[in-house]
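Step one of this worksheet: look at the structure below.
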Amino acid sequence: MPTTETLHLGIDLGGTKIEIIALDGDGEVRLRRRIPTPQGDYRATIEAIAGLVESAEAELGRRGTLGVGTPGAVSPASGLIKNANSTCLIGHPLDRDLSERLGRPVRVANDANCFALSEATDGAGAGAAVVFGVIIGTGTGAGIVVHGRVLTGPNAIAGEWGHNPLPWPGADELPGPDCYCGRRGCMETWVSGPGLVRDHQRTSGQRLESQEIVARALAGDSYCAASLERYADRLARGLAHVINILDPDVIVLGGGMSNITALYERVPLRWTEWVFSDTVRTRLLPPVHGDSSGVRGAAWLGKEAVS
């Protein structure tokens, strides 16, 4: 393998594991491995990432660009990590410390932005001008990619769709469930996995996990089917709001709820009622790379740092 071949390294920095991937210029995986995340130790985390990078480069025989995806974000005001569930990262200049340790530019972004970039680069949204990548799982987030580059915004909150209110709510949806952000009725409280569980329990009295609700709905359970229909309708309203503002070419769903295949037919049928247009050409698609999109997006993010 020639040593001049392009190499892009991505790090997925999670609360329990750190994963590295090495992609060539065509997006082919050259290396992938993971290690446990040092718990509560920022300096040990820096060294763990550096060790993964140095080991990968030694094995592959060349140096690569580097991007890092985290659940938090870099504050544009301070340059420090904020809103990370790995609390030892908060208040530290992760990108600058890694750059100094490894002697190269390092780009850090939240996991939703990495997901969106992955799917926009060589996934479901490849070739599209504007891609809105949505993560609907335990929480709800999103990222925006325009002409192949992540849109961050001056406040570093571009794509924070989960903490906007459910659009066009009915009387029975007001004021909405409490959200950890301190408000009520955020999209996250309706379209996350726990949101579906809570809504089903409220209307049926049954406490079922989201996967079981979907399975029973498809098997003909009327209560579960009604819960799934309400879920699809709320997701359609939320995404119609995005289309009215951003008008993306493609919306890609990720996270556990993206595995509900019925959504890709039902949601576009419903959002036409709410989109301010006579036609809706936006496509709603499942992810190509699935759970790998976060770490792959981090690798493409590193390419942005030097381009």
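The values are calculated or read from the model by the stated rules, or taken from the named source; none is laboratory data. Note that the coordinates shown come from a computational prediction; the quantities given were computed from them, not determined experimentally. Cβ coordinates were reconstructed from backbone atoms using ideal geometry, including for glycine residues, and neighbour counts include every protein chain displayed.
Below, the figures for the structure above:
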{"read-out": "Test: Pro105 is in contact with a Pro (Cβ under 7 Å, 6 or more places away or on another chain), in the same structural domain as Gly15 (by TED's automatic domain parsing) and over 26 Å from Gly290 (Cβ atoms)", "value": "no"}
{"read-out": "Residue under evaluation Glu173, criteria (1) more than 17 Å from Val197 (Cα to Cα); (2) modelled with pLDDT of 95 or more, criterion not met", "value": "(1)"}
{"read-out": "In segment 233-287, the residues that are in contact with a strand residue (DSSP E or B) (Cβ under 8 Å, 6 or more places away or on another chain) and part of a loop (DSSP other than H, G, I, E, B)", "value": "Asp247, Pro248, Asp249, Gly255, Thr282, Pro286, Pro287"}
{"read-out": "Odd one out for Val130, checked against (1) of a type in the set (Val, Ile, Thr); (2) at pLDDT 95 or above; (3) closer than 16 Å to Gly294 by Cβ", "value": "(3)"}
{"read-out": "Subset of segment 191-214 (residues that are more than 17 Å from Asn259 (Cα to Cα), touching a residue at least 24 places away in the same chain (Cβ under 8 Å) and not β-branched (Val, Ile, Thr))", "value": "Asp199, His200"}
